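Q: Please see the structure below; I have some questions.
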Amino acid sequence: MANSINDSYQDFPILDQKVNGERLAYLDNAATAQKPQQVIDSLVHFYEHDNANVHRGVHTLAERATEQYEAARTKVQHFINAKNHNEIIFTKGCTDGLNLVAATYGEQNIHEGDEIVITIMEHHSNLIPWQQLAIKKHATLKYIELTPEGTLDMEDAKRKITDRTKIVSVAHASNVLGTVNPLKELAKIAHEHGAVIVGDGAQSVPHMPVDVQDLDVDFYAFSGHKMMSPTGIGVLYGKADLLRAMPPYQYGGEMINTVHRDETTFADIPFKFEAGTQNIAGAIALGTAVDYLEEIGMENVEKKEQEIVDYVLPKLEALPYITVYGPQDPAQHTGVIAFNMDNLHPHDVATALDAEGVAVRAGHHCAQPLMEALGVSATTRASFYFYNSKKDADQLINAIKATKEFFNGGTI
Amino acid sequence: MGLSKLNGLYLDVILDHANNPRNKHDIPNATSKMTIHNPTCGDTINVAVEVEGDRIKNIGYTGSGCTISQASASMMTEAVKGKTTEEALDMAKTFSDMAIGKKHSEDDLEKLGDAQILTSIMEFPARIKCATISWWALQRALLKKDDEEEE
Ligand SMILES: Cc1ncc(COP(=O)(O)O)c(C=O)c1O
């Protein structure tokens with residue numbers, strides 16, 4: 001492992017390459033993070049030495065695989081400070097975890113006339129499951145709106161969450177605005193009204209210390225791939241008593257106690273929610289990513305990203321043709337920075353930045369209702385991770401200036 | 001390399017069409033309309049045609065999008081105005097074939113007018129959709145049955 005967080009980019013083989021003849025500045029971390037050698041090695045090691053199915057065999061490999069798979073669960077438990085390892089369910093990703101809650105807890109507890117409250121900044125994966133549930137159950141879906149500064153309007157939250165509210169589901173950190181929502185305060189409000197609260201941790205768990213007990217969230221979902229693990233592995237945290245009362249999500253192998261011709265008794269949590277052969281290697285590699293992050297320290301990850309934001313945001317805002325969305329104050333902004341260039345479509349911007357070696361995302365970022373609320377059809381988004389540097393930030397700023405020149409006051 | 005790579009994409013003709021779009025307006029007597037959304041970027045293109053007999057008497061488009069999609073729509077309307085619907089559909093096929101790397105004869109390409117330039121989009125796989133969306137809307141508008149819903 002690299003000696004310091006500032007050298008950590010050396011652990012990521014993919015970053016050492018040229019794109020279109022230029023040094024690669026990978027600034028699309030909100031979409032997916034790159035993988036350090038340690039995580040890649042852990043995948044390879046598993047397949048070269050220990051591969052077997054878990055919880056099934058008595059042979060040595062099966063024992064090793066099971067041990068490592070369950071060790072990964074415990075690592076995740078400690079990483080987000082869950083009370084018990086059986087509250088950690090391995091999923092395909094954040095989307096899968098949120099759908100699981102909607103299809104089980106939601107299906108069981110939402111009735112006609114009930115309310116589900118989300119926010120206008122939700123990613124489609126924390127929006128559509130609730131919208132469709134509300135349609136099916138004749139329940140009402142309500143949106144907490146934004147303040148003019150681009151943060152969540154907590155006064156509106158207090159108005160929208162009522163005694164009819166059964167579920168509140170909120171992004172802990174926005175994948176567009178770069179804001180961190182006061183999840184703990186929202187959990188308190190939800191609980192005062194007898195509702196449960198679901199946290200979407202896709203953009204928070206990789207970037208800041210998260211303590212699910214302190215937040216007092218009932219459910220919390222995130223993806224492994226945004227925290228340097230392979231794709232196809234994620235985590236759903238749920239409070240044990242809630243998980244026990246919920247029906248299974250899928251049926252099949254691994255999730256049962258006994259099966260007879262006409263009835264089945266289900267396994268205890270977490271296995272009740274892990275039907276079929278899971279992404280074993282992915283879970284183990286996620287455990288390695290957790291080790292890596294803990295070695296650096298999540299406080300340091302957060303601090304490093306804040307340093308980069310303090311450096312780059314004022315530079316961006318100083319360009320007269322740039323509009324930054326979300327809070328303008330760097331102290332209130334995560335490493336996710338969405339912006340537009342006057343008269344230029346984000347797609348053209350992203351193509352131009354790519355030609356300069358800078359990888360960013362352009363589009364609606366799976367948050368179309370938010371785009372509508374912001375009055376734009378799309379934005380360009382640069383998103384930083386701890387392995388990025390001021391060099392990447394400078395490359396972005398220079399590429400933006402070059403783009404401006406290229407289009408020469410330009411088009412559309 | 002850097003931005004010079006883009007010279008083949010953002011040619012003067014393309015920028016000219018994007019900045020001074022032709023036929024960017026609604027068609028009051030349209031016989032068929034089609035709206036297509038590009039789900040990856042949220043762009044929308046509306047194409048309206050007025051067909052008289054078997055000829056495209058008038059065509060216009062509205063909507064918003066990137067330089068490439070706007071330029072392509074502008075070029076497309078110029079290229080097919082006054083053509084028979086059969087000719088226009090052939091051109092649409094040539095364009096979408098070119099965009100996925102299928103070869104066509106020089107003659108076919110000539111027929112596309114300015115629009116043939118945009119087949120350079122093949123070098124930029126992520127942008128192919130931007131260039132083809134208007135041709136696709138044209139195809140759908142011309143082939144549409146009366147009772148068919150817009151996208
Ligand atoms: C805030 C937020 N929620 C949910 C997701 C969905 O994550 P995944 O696609 O890994 O399931 C994302 C990913 O882009 C996200 O940014």
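The values are calculated or read from the model by the stated rules, or taken from the named source; none is laboratory data. In this text the structure is predicted, and so the values were computed from the model without any measurement. A quick note on method: Cβ atoms are made from the backbone with ideal geometry, for glycine too, and the neighbour counts reach across all protein chains shown.
Q: Please determine, by comparing only the residues of segment A:194-238 that are β-branched (Val, Ile, Thr) and in a loop (DSSP other than H, G, I, E, B), which one is farthest from the chain's Cα centre (by Cα). Spell out how you get there, then give the answer.
A: At the first step, the residues of segment A:194-238 found to be β-branched (Val, Ile, Thr) are A:196-198, A:205, A:210, A:212, A:217, A:231, A:233, A:235.
After this cut, where a residue has to be in a loop (DSSP other than H, G, I, E, B) as well, the list is A:205, A:210, A:217, A:231, A:233.
Values: A:205: 7, A:210: 12, A:217: 16, A:231: 12, A:233: 12 Å.
Out of the qualifying residues, it is A:217.
Q: Would you call residue A:355 within 14 Å of another protein chain (Cβ to nearest Cβ), away from the ligand (no atom under 16 Å from the Cβ) and over 23 Å from residue A:95 (Cα atoms)?
A: Here the answer is yes, as residue A:355 does meet what is asked.
Q: Ok, one more. Looking at the structure I just gave you, is residue B:15 under 16 Å from the mean Cα position of the chain (by Cα), within 23 Å of residue A:403 (Cβ to Cβ) and within 14 Å of chain A (Cβ to nearest Cβ)?
A: Spelling it out, residue B:15 is indeed under 16 Å from the mean Cα position of the chain (by Cα), within 23 Å of residue A:403 (Cβ to Cβ) and within 14 Å of chain A (Cβ to nearest Cβ).
Q: Residue under question is residue B:68, and the condition is that it be modelled with pLDDT of 95 or more and either in contact with a Cys (Cβ under 6 Å, 6 or more places away or on another chain) or surrounded by 19 or more Cβ atoms within 10 Å (Cβ to Cβ) (or both); does it hold?
A: no
Q: Scan segment A:57-68 and tell me whether some residue there is under 12 Å from residue A:286 (Cα atoms), in contact (Cβ under 8 Å) with a residue 12 or more places away in the chain and away from the ligand (no atom under 16 Å from the Cβ). Even if it seems obvious, please write down each step before you answer.
A: Filtering segment A:57-68 for residues under 12 Å from residue A:286 (Cα atoms) gives A:68.
Now drop any that are not in contact (Cβ under 8 Å) with a residue 12 or more places away in the chain, which leaves A:68.
After this cut, where a residue has to be away from the ligand (no atom under 16 Å from the Cβ) as well, the list is A:68.
Checking segment A:57-68: at least one residue is under 12 Å from residue A:286 (Cα atoms), in contact (Cβ under 8 Å) with a residue 12 or more places away in the chain and away from the ligand (no atom under 16 Å from the Cβ).
Q: Among the residues of segment B:118-151 satisfying the criterion of being part of a loop (DSSP other than H, G, I, E, B) and more than 14 Å from chain A (Cβ to nearest Cβ), which is modelled with the highest pLDDT?
A: B:144
Q: Quick check: is even one residue across segment A:249-258 out of contact with any Lys or Arg (no Cβ under 6 Å at 6 or more places or on another chain) and among the aromatic types (Phe, Trp, Tyr)?
A: yes
Q: Moving to a separate point now. Looking at this structure, is residue B:52 out of contact with any strand residue (DSSP E or B) (no Cβ under 9 Å at 6 or more places or on another chain), surrounded by fewer than 22 Cβ atoms within 10 Å (Cβ to Cβ) and either away from chain A (no Cβ under 14 Å) or of a type in the set (Lys, Arg) (or both)?
A: no
Q: Still on this model: Looking only at segment B:30-44, decide whether some residue is in contact (Cβ under 8 Å) with a residue 12 or more places away in the chain, more than 9 Å from chain A (Cβ to nearest Cβ), in a loop (DSSP other than H, G, I, E, B) and surrounded by 15 or more Cβ atoms within 10 Å (Cβ to Cβ).
A: Within segment B:30-44, one or more residues are in contact (Cβ under 8 Å) with a residue 12 or more places away in the chain, more than 9 Å from chain A (Cβ to nearest Cβ), in a loop (DSSP other than H, G, I, E, B) and surrounded by 15 or more Cβ atoms within 10 Å (Cβ to Cβ).
Q: Look at residue A:396 and say whether it is within 14 Å of chain B (Cβ to nearest Cβ) and over 25 Å from residue A:121 (Cα atoms). Working first, answer last.
A: Values: within 14 Å of chain B (Cβ to nearest Cβ): yes; over 25 Å from residue A:121 (Cα atoms): yes.
Spelling it out, residue A:396 is indeed within 14 Å of chain B (Cβ to nearest Cβ) and over 25 Å from residue A:121 (Cα atoms).
Q: Does residue B:115 satisfy being more than 14 Å from chain A (Cβ to nearest Cβ) and among the small types (Gly, Ala, Ser)?
A: yes
Q: Also: Looking at segment B:59-74, can you tell me whether even one residue there is in a loop (DSSP other than H, G, I, E, B) and either within 14 Å of another protein chain (Cβ to nearest Cβ) or touching a strand residue (DSSP E or B) at 6+ places or on another chain (Cβ under 6 Å) (or both)?
A: Yes, that holds for at least one residue.
Q: Related question: Condition (residue is more than 17 Å from residue B:3 (Cα to Cα), more than 11 Å from chain B (Cβ to nearest Cβ) and free of Cβ contacts under 8 Å to residues at least 12 places away in the same chain) applied to segment A:333-343: is it met by at least one residue?
A: Among the residues of segment A:333-343, not one is more than 17 Å from residue B:3 (Cα to Cα), more than 11 Å from chain B (Cβ to nearest Cβ) and free of Cβ contacts under 8 Å to residues at least 12 places away in the same chain, which makes the answer no.
Q: Let me ask something else about it. Filtering segment A:190-204 down to residues that are in contact with a helix residue (DSSP H, G or I) (Cβ under 8 Å, 6 or more places away or on another chain) and either aliphatic (A, V, I, L, M) or under 14 Å from residue A:106 (Cα atoms) (or both), which residue is surrounded by the fewest Cβ atoms within 10 Å (Cβ to Cβ)?
A: Out of the qualifying residues, it is A:196.
Q: Given the conditions (1) assigned to a helix (DSSP H, G or I); (2) surrounded by 15 or more Cβ atoms within 10 Å (Cβ to Cβ); (3) of a type outside the set (A, V, I, L, M), report the number of the one that residue A:6 does not fulfil.
A: Single failed check for residue A:6: (2).
Q: Hey, another quick one. If you go through segment A:94-123 one residue at a time, how many are within 8 Å of the ligand (Cβ to nearest atom) and surrounded by fewer than 24 Cβ atoms within 10 Å (Cβ to Cβ)?
A: Number satisfying all stated conditions: 3.
Q: Turning to a different aspect of this structure: Which is in a loop (DSSP other than H, G, I, E, B), of a type in the set (Gly, Ala, Ser) and within 16 Å of the ligand (Cβ to nearest atom), of A:33, A:52?
A: The unique qualifying residue is A:33.
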